1. If you average the sequence gap of Cα pairs under 8 Å that are 6 or more apart and divide by the length of the chain, what percent do you get for the contact order?
2. I'd like the distance separating the alpha-carbon centroids of segment 189-216 and segment 120-188, in whole Å.
3. To the nearest 10 degrees, how steep is helix 24-35 against the longest Cα principal axis of the chain, on a 0 to 90 scale?
4. Note down the relative contact order for segment 180-245 as a percent, whole number, built from C-alpha pairs under 8 angstrom at least six residues apart.
5. Would you count, across the chain, every pair of lysines whose alpha carbons are under 30 angstrom apart, provided the pair is eight or more residues apart or spans two chains?
6. Between ARG201 and ARG161, with labels modelled 7 Å along Cα→Cβ, what's the label distance in nm to one decimal, could you check?
7. Once the Cβ-Cβ distance between SER107 and ARG143 is put in as r, and R0 is 30 Å, what FRET efficiency do you end up with, to the nearest 0.05?
8. Against the longest alpha carbon principal axis of the chain, how many degrees, from 0 to 90 and to the nearest 10, is the axis of helix 257-281 turned?
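None of the figures in this text is laboratory data; all of them are computed from the coordinates on show. Values in this document were obtained by computation on a predicted structure and should not be read as measured data. Backbone-built Cβ (ideal geometry, glycine too); neighbour counts: all protein chains shown.
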Amino acid sequence: MRDSRVSTFDAGPASLALVLGTNEIASAVAVHLRMAGHRVILSHDTFPPVIRRAMAFHDALFADRAIVEGIEGERAETALEIAAAMKMPCRVAVTPLHLTDLIASFSPKILVDARMQKHRITPDYRGIIRLTIGVGPNFAVGRNCDVAVETRPVKNGTLVRRGQTDPADGMPRPLGGVGVERFVYSGAPGHWHTRIEIGMRVFRGMVLAHLDGAPVRAPIDGVVRGIVRDSTSVPGGVKLLEIDPRGRDARWTGIDDRGRSIAEATMRAIQFHVAERVVDTVPGV
């Protein structure tokens, strides 16, 4: 028999979870939430641009099919469209609507900020939503989140229940023995244009795109793992593309080990929070 005391924070199946971000980390979290029975909305943020789009729900925003491990993202621009998308099995709603617009129409119980904004001030939504989970740098428990998840390679997927997450160090985790060299960053803001598809085999020096008319070349040989969507205005200092150097072992779809660890940690954070709320309501405990 279900204990009525759990109602103080009902994060069980069918509760509404709002995920900020449409990148591969936000999408991995959304998949795990949906598979656990939660209704899920992903809210897009333009910064930073999403590059690992075949591992994310991002392209659903442009009416492209976006499926991650059997869960499909559906673009929704209005509250009615969001509600309809969330009722469908194996679906998550993907929307350009901002958090304030969504809160006006829905009452999410869980907020996961997975935008991965490494160097920006992260706002505090604790007074708006019952459980707030911060993913990545710039989160401090009790200041702008209830619990946080580390994303640095040496601590990836570690729950932070006191204190704060580590700051960004600008050192990407190695992939096939290659670190920052597999990325190309924007030196300045500009308009991005490319015809290259994710999963395409490329070679060092090959022109993959243009930023304000200047050619952008592949930094190494490999497979395109991520690239900013064509006709996007990009800010300076952000990742534009990523090359996977692992040859036949290259992977550019689905949830990778990093994303899975972070998503599983997010689910543990929800479980811990529910358990703590129950204990807090039991007399004499």
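1. Reported relative contact order: 19 percent.
2. What the calculation gives is 28 Å, centre to centre.
3. Once rounded, the angle reads 40 degrees.
4. Computed over segment 180-245, the figure is 45 percent.
5. 6
6. In this crude spin-label approximation the distance works out to 5.0 nm.
7. 0.80
8. 10
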